[in-house]
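Down below is the structure, laid out as structure tokens.
The values are calculated or read from the model by the stated rules, or taken from the named source; none is laboratory data. Keep in mind that what you see is a predicted model, and the values were worked out from it rather than measured. Neighbour counts are summed over all protein chains in view; Cβ atoms, including those assigned to glycine, are modelled from backbone coordinates with ideal geometry.
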Amino acid sequence: MKLKVVSWERKRFRSPSLERPVANFFTMRTVTWEDGKVKMIDQTALPLKLSHVFFTKPEEVANAIRTMVVRGAPAIGVAAAMGLALSAHRSKAAKLPELLHDMESSAGLLRSTRPTAVNLFWGIDRVMNKVREAKTVREAKELVEAEVKAMEEEDVQTNRRLGKIGAELIDDGDTVLTQCNAGALATVGYGTALGVIRAAVEQGKLVKVLVPETRPALQGARLTAFELAQDGIDCTLISDTAVGHMISIGRVDKVVVGADRITNDGYVFNKIGTYQEAVLASRHGVPFFPAAPHSTFDLSRGHDSVTIEERSADEVVKISGKRIAPKGVPVANPAFDMTPPELVTGIISDRGLLQPPLAESIQRLIS
Ligand code: MRU
């Protein structure tokens, strides 16, 4: 059943006084390779402090991924690749098999950090495949460094391509609901879902973004609201529990979210809370678009065998370190959920818009 949208509600929500933002986007890179070090924005300190951390050891990068100093599927893919490059950089191996052994051991550690976003494994595999092309230790180290620098550049270009494709789906004056942070901070730069918004704004469209806070880790409130505010893009923060109400009263024109893994049968794994947005969007006739680069597609498996990360209970029972629930209460904290293809209007990728039937479009455009 489709809800009849009452036009005065829409008009009232879109303030006519809103000014079109200048296309001056958040250009700082989330993760970058700098003189043999990995430099990252410390996302745990945002939005109160914008600061960088530098890492020289793969173990430090693994820890940064696990503790969400860096997070977001494409960003952790590039970060893990750079963690491996640190392993190569530091290795004292005299022969290639020893170097490979050192790197395999770091790859194992990096693979164990977070299980859901396939970009992590994509990034590690890409570096390991590259190093196997080398004939000498020196060549291997050079190839690895060049590869991670290329991955860093490609990430931004890919997101810009994806953004342009997705922006065609956004109309002037749209209000777009998102989830979590699929922005510049979740990638090297520009973002996926927020890349679509940025590209629409670059086309001169007036776009308003509805940002759910995204408990428990609050990536919406802390990161998406921060990024959009930096860019002067109109955004309104809502509690997660307000999502259904806002959709039901016609205040959402489109839903655009990121993705951590899209399986070959068209299931979309993304931040917890995405599935309920998809169900509500479908209930009210609102288009639902995940946006993801090709590195987020997992052609090797269907949805049944994906591990959904379960994070610490502390994220749920505490807010900013302060306990908000009784001691000892049982907690479940799944970090991601799964949206089936029948709830997806289309997937925005750098290879084009994937339309239903998704399993077929994935085979055609991504493989
Ligand atoms: O737990 P996080 O913050 O790493 O989760 C991030 C998300 O779920 C994003 O939506 C997803 O990685 C896409 S980012 C372009």
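Overview of values
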{"item": "Qualifying residue in region 196-209 (condition: within 10 Å of the ligand (Cβ to nearest atom), assigned by TED's automatic domain parsing to the domain that holds Ala259 and touching a strand residue (DSSP E or B) at 6+ places or on another chain (Cβ under 7 Å))", "result": "no"}
{"item": "Qualifying residue in region 290-312 (condition: farther than 25 Å from Val256 by Cα, among the charged types (D, E, K, R) and at pLDDT 95 or above)", "result": "no"}
{"item": "Residue within region 210-233 that is in contact with a His (Cβ under 8 Å, 6 or more places away or on another chain) and in a helix (DSSP H, G or I) present", "result": "no"}
{"item": "Scope region 256-287; condition over 19 Å from Gln219 (Cβ atoms) and not in a helix (DSSP H, G or I); matching residues", "result": "Ile262, Thr263, Asn264, Asp265, Gly266, Tyr267, His284, Gly285, Val286, Pro287"}
{"item": "Of all residues making up region 213-231, the number that are touching a helix residue (DSSP H, G or I) at 6+ places or on another chain (Cβ under 9 Å) and at pLDDT 95 or above", "result": "12"}
{"item": "Close pairs (7 angstrom Cβ cut-off, 6 or more residues apart or separate chains): surrounded by 16 or more Cβ atoms within 10 Å (Cβ to Cβ) in region 349-367, of a type in the set (Phe, Trp, Tyr) anywhere", "result": "Ile362/Phe297; Ile366/Phe297"}
{"item": "Qualifying position, being of a type outside the set (Phe, Trp, Tyr), touching a Gly at 6+ places or on another chain (Cβ under 7 Å) and either closer than 16 Å to Val70 by Cα or surrounded by fewer than 24 Cβ atoms within 10 Å (Cβ to Cβ) (or both), among Ala184, Ala199", "result": "Ala184"}
{"item": "Filter result for Val156 (at negative phi, away from the ligand (no atom under 16 Å from the Cβ) and part of a helix (DSSP H, G or I))", "result": "no"}
{"item": "Identity of the residue in region 108-132, basic (Lys, Arg) and crowded, with 17+ Cβ neighbours inside 10 Å, that ends up farthest from the ligand (Cβ to nearest atom)", "result": "Lys130"}
{"item": "Unmet criterion (only one of (1) within 16 Å of the ligand (Cβ to nearest atom); (2) within 19 Å of Leu353 (Cα to Cα)) for Gln219", "result": "(2)"}
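Yes/no per residue for (1) farther than 16 Å from Thr214 by Cα; (2) away from the ligand (no atom under 16 Å from the Cβ); (3) out of contact with any Phe, Trp or Tyr (no Cβ under 9 Å at 6 or more places or on another chain):
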{"position": "Val257", "(1), (2), (3)": "no, no, no"}
{"position": "Gly273", "(1), (2), (3)": "no, no, yes"}
{"position": "Gln276", "(1), (2), (3)": "no, no, yes"}
{"position": "Ser305", "(1), (2), (3)": "yes, yes, yes"}
{"position": "Pro334", "(1), (2), (3)": "no, no, yes"}
{"position": "Pro340", "(1), (2), (3)": "yes, yes, no"}
{"position": "Asp350", "(1), (2), (3)": "yes, no, yes"}
{"position": "Ile366", "(1), (2), (3)": "yes, yes, no"}
